[in-house]
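Asker: One structure, as structure tokens, below. Some questions next.
The values are calculated or read from the model by the stated rules, or taken from the named source; none is laboratory data. This structure is a prediction, so every number in the text was calculated from the model and none was measured. Note: ideal-geometry Cβ built from the backbone for every residue, glycine included; neighbour counts use all protein chains shown.
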């Protein structure tokens with residue numbers, strides 16, 4: 001489980017989810033590995049922080065629309081997105097195809 005927060009006063013932007021190489025290695029090394037992200041909405045009011053009871057997004061990187069930022073080789077996504085269901089093999093292939101990592105390029 002990985003926890004993220006979203007500032008409810010801000011707009012929905014693409015956020016760094018994880019490094020491509022790290023996701024690839026974790027998902028390929030252990031067939032039973034699954035990663036779930038929980039994103040909580042928060043309100044900041046001076047020194048007070050309040051969780052938004054209406055904002056909770058749960059997702060797996062495997063179901064993300066794949067966008068890899070070429071500058072930092074990180075998977076980015078909106079916390080609120082339509083899931084894209086795909087197999088683990090297809091997910092790993094997409095990571096490899098979109099990565100700029102030398103390590104992943106060699107595995108093609």
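Condition check ((1) part of a loop (DSSP other than H, G, I, E, B); (2) modelled with pLDDT under 95; (3) under 15 Å from the mean Cα position of the chain (by Cα); (4) surrounded by 13 or more Cβ atoms within 10 Å (Cβ to Cβ)) across all residues:
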residue: 23; (1), (2), (3), (4): no, yes, yes, yes
residue: 31; (1), (2), (3), (4): yes, yes, no, no
residue: 41; (1), (2), (3), (4): no, yes, no, yes
residue: 76; (1), (2), (3), (4): no, yes, yes, yes
residue: 82; (1), (2), (3), (4): yes, yes, yes, no
residue: 95; (1), (2), (3), (4): no, yes, yes, yes
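Asker: Right, something else. Given (1) closer than 21 Å to residue 1 by Cα; (2) out of contact with any helix residue (DSSP H, G or I) (no Cβ under 6 Å at 6 or more places or on another chain); (3) without any contact (Cβ under 8 Å) to a residue 12 or more places away in the chain, identify the lone condition not met by residue 54.
Answerer: (3)
Asker: Filter the stretch 31-51 down to residues that are in contact with a helix residue (DSSP H, G or I) (Cβ under 9 Å, 6 or more places away or on another chain) and free of Cβ contacts under 8 Å to residues at least 12 places away in the same chain, then give me how many there are.
Answerer: Number of matching residues: 1.
Asker: Right, next: Which number in (1) farther than 20 Å from residue 1 by Cβ; (2) modelled with pLDDT of 90 or more marks the one condition that residue 101 misses?
Answerer: The single condition residue 101 does not satisfy is (2).
Asker: Are any residues in the stretch 9-21 under 17 Å from residue 81 (Cα atoms) and either over 12 Å from the mean Cα position of the chain (by Cα) or assigned to a strand (DSSP E or B) (or both), and if so, which ones?
Answerer: Those that are under 17 Å from residue 81 (Cα atoms) and either over 12 Å from the mean Cα position of the chain (by Cα) or assigned to a strand (DSSP E or B) (or both): 10, 11, 12, 13, 15, 16, 17, 18.
Asker: While we're on this one: Which members of the stretch 1-21 meet the condition of being surrounded by 13 or more Cβ atoms within 10 Å (Cβ to Cβ) and touching a residue at least 60 places away in the same chain (Cβ under 8 Å)?
Answerer: Across the stretch 1-21, the qualifying residues are 4, 6, 14, 15, 17, 20, 21.
Asker: Kindly establish whether residue 71 is surrounded by 13 or more Cβ atoms within 10 Å (Cβ to Cβ), modelled with pLDDT of 90 or more and part of a loop (DSSP other than H, G, I, E, B).
Answerer: Working: surrounded by 13 or more Cβ atoms within 10 Å (Cβ to Cβ): no; modelled with pLDDT of 90 or more: yes; part of a loop (DSSP other than H, G, I, E, B): yes.
Answer is no for this residue.
Asker: I'd like to know if the stretch 48-61 contains one or more residues that are modelled with pLDDT under 95, surrounded by 17 or more Cβ atoms within 10 Å (Cβ to Cβ) and assigned to a helix (DSSP H, G or I).
Answerer: Within the stretch 48-61, one or more residues are modelled with pLDDT under 95, surrounded by 17 or more Cβ atoms within 10 Å (Cβ to Cβ) and assigned to a helix (DSSP H, G or I).
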